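The structure appears below as structure tokens.
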Amino acid sequence: MSQVSPFSSAAPVLVPMPAERPYTYAVPPGMHVVPGSIVRVPLGPRQVAGVVWDGEAGQVDARKLRPIEQVFDCPPVSHDMRRFVDWVSQYTLSPPGMVARMLLRAPEAFDPEPWTEGITLTDVRPERMTGARERVLETAADGFAWTRSGLAHAAGVSSSVIDGLREQGVFETVMIPPRPVVPEPDTTYAAAELMPDQRMAADELKAGVEAGGFRVTLLDGVTGSGKTEVYFEAVAEAIEKGQQVLILLPEIALTHAFLERFQNRFGAKPAEWHSDLPPRMRERVWRQVAEGTLKVVAGARSALFLPFQDLGLIVVDEEHDPAYKQEDRVFYNARDMAVVRAHIGGFPVVLASATPSVESRVNAMQGRYGRVILSSRFADAALPDLRTIDMRRAPPARGGFLSPLLLQRMAATLEQGEQSLLFLNRRGYAPLTLCRSCGHRFGCPVCSSWLVEHRFRGQLICHHCGHTERRPDACPECGTVDHLVACGPGVERIAEEVVSHFPEARTIVLSSDILGGVRRLRLELEAIANGDADIVIGTQLVAKGHNFPNMTLVGVVDADLGLANGDPRAAERTYQLLSQVTGRAGRTGKKSLGLLQTYQPDHPVMQAIVSGDSELFYEREIGERERTRLPPFGRLAGVIVSAPTRAEAEGHARALRLAAPETADIFVLGPAEAPLALLNGRHRFRLLVHGERRADMQGFVRAMLAAGPKVRGQIRVQVDIDPQSF
Ligand code: ADP
Ligand code: ZN
């Protein structure tokens, strides 16, 4: 035989690592790959999964290339999805390989799930009947395929009974395909009777799905107005068209209640997708989404990178929520990327919120997005009566944090057998511990932050890096014993105060660091909804989306908390959080009240909340953004430089700034210390790039990074397009 080149051609393959472009691999003869094929390739000493990408393979002598080892038996990643990965990569300035990495996060799913061996009844009857055999025949009479052990278990017999019947030919062997993760949703299962305004909103969203094509609709409705019921109608429409649907939710703790609501409407739960999902389940969901058999996924932001075959609708619930921003490796906002995904796929996206982001409101105002409004709560539920408590006039008792007015209302609520919620967005017992003798403050050794006391655990914890130490009795500076004091409240401390006033009440503290994790959290949330608690003290975790029917009083312990940090987005965030948390009250017909403890009752945010005039708030806020050319009237990008020493980080950031191109429409501010100047032992400096609305921010930042000093040693540079805080 003559010697032929071992490889017939080559293909570009994107591998899950910080590669700026696909690598070229040889395709062995007889192997068939297409763009989107998931393949196993050698990478250095390892083997990794990669995706065959679009475009020409690099011009390399095929004989020098390493070969693709294997093509997985898996549907190829769709063209839309590949374009999406490229788009996200270019927008966020992350290497495409790092974006592809998010797509390839279920390695075991690339091989099809094996079929299992099962048995099913034949026409042959057993030679001799026994009681056990009869039970088996009865159980298997439905004609379905059973696994041997499954049938034995269901019939309550030992497996040997089944084996005996099998030997006689009563059963034959069949192969059973993998079971779907969830049953198909049934769009006619329990369609809601919508109120007239809900009907109109639902019809508009439905029409968009029916017509297909890209469009963004802001579903803007007060808490409890039935936004979920309304967008479920759009979901139903997409399912009826045979398309897949993605519903994004900001918080895992929310998913559980959501899954149940979905089940009540569609007779089956949607598949879940988030980081807490067991690996086996992740693989099955990934696989079935890729195969197109799984119709509806409800998930966290990373669900955007699932390999949908035929996506027909994305819903982003609580679209304003900061949890949609990922600030790790690839910095992206899932709300914005959902809009991009819909644009690429040519289908509608619904952004739902009671307190939309300023960005979305402006997009609606300027006609880029449609807007559907639900202005009243469903049925007889009324929004709570909202008032401020001026803490300058009605201060709490010495050592306490709850004003007499709030305590009074709590007592009355308790007496009526109803529930109260106290909201404080601060975990632990106290945000700062200091020594009364020498003034020593307990800070984190590797971050620029104070250690938060967690009294239940007897620990001081850094909320940024997790550094934990035991709370000592003596001051480490001056040695004085028992002179340490806790400054300021966290939820644990508020709980202590509540218990001292209402020792007989059932009190629950809820925060994300609850012992027992997500499972325990779900149980507690259920317990509250069932009325098994009188007073709930919680962080923002309880502020979102939950329905607590018997909750009639919400007290915000420190309404000013979020306003203190000087961030131009602080007003918007505080407004959203306070609206959301006070929206927990009055979910049923009962009269309800929201009280905000504040030292600045005249602040526009407090005024907007109390008056219920959201239009006024947005108008003001939008005007302010326009005046200062902040997003969405201008554009921002953060460039964060970190290094083990302050000098290195600052030096590199300065050099970068000097390397910035000269343009008329983009300016660089800084370098200044980043919001957390020391994090995990790394010093951080930030350049803030501020541009006109149409400025080419990506081009500018790319040019600056290319012209700047080489990133070497321990220095790290992270780009954050559209930063959350600015
Ligand atoms: P939102 O998401 O706007 O806060 P929800 O969709 O959670 O509002 O609805 C609030 C409550 O009202 C839920 O308990 C929901 O089941 C109920 N609800 C809303 N609309 C209807 C309807 N048309 N029929 C029955 N229940 C409804
Ligand atoms: Zn720390």
Those aspartates and glutamates that a straight Cα-Cα span of less than 14 Å connects to Lys591, excepting residues fewer than 8 apart in one chain
Asp380, Asp385, Glu418
Calculate for the chain the 222 nm mean residue ellipticity that helices alone would give, adding -39,500 (n - 2.57) per DSSP H run of length 4 or more and normalising by residue count, nearest 500 deg cm²/dmol.
-9500 deg cm²/dmol
For segment 196-374, just list the percent of Cα-Cα distances falling in each 10 Å bin from zero outward, please.
10, 41, 39, 10, 0
Net charge, Tyr575 excluded, C-beta distance under 11 Å - Lys, Arg +1, Asp, Glu -1
+1
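Any of Lys241/Lys544; Lys227/Lys269; Lys241/Lys325; Lys64/Lys710 with alpha carbons more than 21 Å apart? Name them for me.
Values: Lys241/Lys544 32 Å; Lys227/Lys269 18 Å; Lys241/Lys325 31 Å; Lys64/Lys710 30 Å.
Exceeds cut-off: Lys241/Lys544; Lys241/Lys325; Lys64/Lys710.
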Distance between Cα centroids, segment 308-329 to segment 39-53: provide it in whole Å.
28
Sparse-neighbourhood loop hits (trypsin sites (Lys or Arg not before Pro), segment 308-345; DSSP loop; Cβ within 10 Å at most 15 others) -> Arg329
With charges only on Cβ, +1 for K and R and -1 for D and E, what is the dipole size of the chain about its Cα centre, in debye, rounded to 20?
1840
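Hey, can you rank 438-444, 104-110 by average C-beta count inside 10 Å, highest first?
Going by the mean number of other Cβ atoms within 10 Å, highest first, we get 104-110, 438-444.
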Assuming 1.002 mPa s and 20 °C, estimate D for segment 1-123 with Stokes-Einstein, Rh taken as the Kirkwood radius over Cα pairs, in µm²/s.
136
Taking the dipole about the Cα centre of the chain, with the C-beta of Lys and Arg at +1 and of Asp and Glu at -1, give me whichever of Ala191, Asn363, His440 is farthest to the positive side.
His440
Starting from the Kirkwood Rh over alpha-carbon pairs, what translational D in µm² s⁻¹ does the chain have by Stokes-Einstein at 4 °C and 1.567 mPa s?
45
Find how many whole Å separate the alpha carbon centroid of segment 458-536 from the alpha carbon centroid of segment 220-274.
33
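Each value in this text was obtained by applying a stated rule to the coordinates, not by laboratory testing. Just so it is clear, the model here is predicted, and its values are computed rather than measured. FYI the Cβ positions are ideal-geometry reconstructions off the backbone, even for glycines, and counts take in every protein chain you see.
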